[in-house]
Amino acid sequence: MALLELKNVVASYGNINALKGISLSVPEGKIVTLIGANGAGKSTTMRTIMGLMKPKEGDVLFKGKSIVGMYPNEIVSHGMVLVPEGRQILQNMTVLENLQMGAYQRRDKAEMAKDMKHIFERFPRLKERQNQYGGTLSGGEQQMLAIGRAMMARPEMLLLDEPSMGLAPLFIQEIFDVIEEINKAGTTVFLVEQNARKALRIADYAYVMETGKIVMQGPAAEIASDPNVMAAYLGGR
Ligand code: ATP
């Protein structure tokens with residue numbers, strides 16, 4: 001079953017259509033990636049899914065029901081969470097407070113404590129630094145914190161917008177490892193990336209986007225070995 005489905009989504013900034021009729025589907029339990037160059041419309045796709053922008057046309061279905069018109073917090077409470085581009089952690093709150101913020105809609109205190117413990121086990125650096133301000137962490141640590149914060153909502157579906165952006169190679173590998181682990185533990189993942197090579201390595205299925213349109217799709221391994229994709233998107237790293 002498709003957990004998330006976009007049907008002919010058109011979205012615009014003023015009269016510029018950034019999404020020109022996007023259709024895609026993310027099956028439950030899988031990792032699906034959306035790759036494409038700068039300005040292709042990847043972040044706009046994420047914003048439209050999360051209710052930060054309203055599509056002009058088309059529909060966004062989560063668990064088979066339209067979520068168009070819902071506020072982002074309602075979408076979170078339905079089980080879908082976004083780790084935004086640039087991480088956007090709260091710089092003047094501690095690591096612990098940032099993580100607690102991720103669970104603000106939950107009431108199951110005991111289960112929340114379990115999730116916190118699990119996050120601290122997976123990211124010992126965050127545990128060590130739990131009382132430090134978020135803004136004092138390195139870029140890679142902030143990305144771990146942003147992912148940890150999202151997981152504190154215990155989402156069924158995790159959206160990640162360019163999680164590897166601006167990170168040192170060592171952190172980039174760590175981030176992709178973490179995404180794979182989260183998926184293996186049962187969370188469906190929709191990953192937007194400019195680092196196509198790494199994204200295709202962990203994804204099951206991929207969509208390639210160019211100026212507001214999906215121009216290619218297929219199993220990630222096939223996309224990764226396509227000579228045209230190689231030339232256009234897999235130059236770096
Ligand atoms: P990036 O990797 O730079 O985030 P992207 O693939 O995520 O690129 P988007 O940010 O979704 O691309 O942008 C898609 C198009 O919409 C681009 O042409 C961009 O210039 C335009 N755009 C994005 N944000 C705005 C905005 N706030 N106002 C006007 N145009 C915008």
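Summary of computed values
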quantity	calculated
Sorted peptide list for 44-51, 124-131, criterion being average Cβ within 10 angstrom, highest first	44-51, 124-131
Estimated translational D of the range 135-224 in µm²/s (Stokes, Kirkwood radius over Cα pairs; 20 °C; 1.002 mPa s)	155
Within the chain, helix-based [θ] at 222 nm, where runs of 4 or more DSSP H residues each add -39,500 (n - 2.57), nearest 500	-10500 deg cm²/dmol
Positive-end residue, the range 1-232 charge dipole about Cα centroid, Cβ charges, pick of Ile214, Gly186, Met70	Met70
Electrostatic dipole magnitude of the range 92-209 [Cβ: Lys, Arg +1; Asp, Glu -1; Cα centre; debye, to 20]	280
Surrounding net charge for Leu90, when Lys and Arg each add one and Asp and Glu each subtract one, Cβ distance under 11 Å	+1
Only Lys, Arg (+1) and Asp, Glu (-1) charged, at Cβ; the chain dipole about Cα centre in debye	340
Amide N proximity, the range 83-104 versus Tyr133 label position 7 Å along Cα-to-Cβ, cut-off under 12 Å	90-95
Pairs beyond 28 Å (Cα-Cα), from Lys42/Lys198; Lys7/Lys114; Lys7/Lys117; Lys109/Lys184; Lys65/Lys117	Lys7/Lys114; Lys7/Lys117; Lys65/Lys117
Accessible area (Å², 1.4 Å probe, nearest 10) - Glu141	10
Per-residue HN-Hα couplings for the range 205-211 [Karplus 6.51, -1.76, 1.60; θ = phi - 60°; Hz; x = Gly/Pro]	9, 9, 10, 10, 10, 9, 5
Share of Cα-Cα pairs in the chain lying beyond 31 Å, as whole percent	20
Distant-in-sequence amide H partners of Ile22 (H built 1.01 Å from N, under 5 Å)	Asn8, Val9, Val10
Given charges at beta-carbon only (K, R positive; D, E negative), |dipole| of the range 1-116 in Debye	140
Distance-filtered residues of the range 207-232 - backbone nitrogen under 18 Å, label point 7 angstrom along Ser23 Cα→Cβ	207-210, 212-219
Projected-area average for the range 1-102 over all orientations - Cα convex hull basis, square nanometres	7.6
Whole-number percent relative contact order across the range 39-171, with pairs defined as alpha carbons under 8 Å at least 6 apart	33
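The values are calculated or read from the model by the stated rules, or taken from the named source; none is laboratory data. The shown structure was predicted, so the numbers you read here are calculated from the model rather than taken from an experiment. Because the Cβ atoms are built from the backbone with ideal geometry, glycine has one as well, and the counts that use them run over all protein chains shown. Surface accessibility is based on the protein's heavy atoms, side chains included, excluding ligands, DNA and RNA. Shrake-Rupley method; radii C 1.70, N 1.55, O 1.52, S 1.80 Å.
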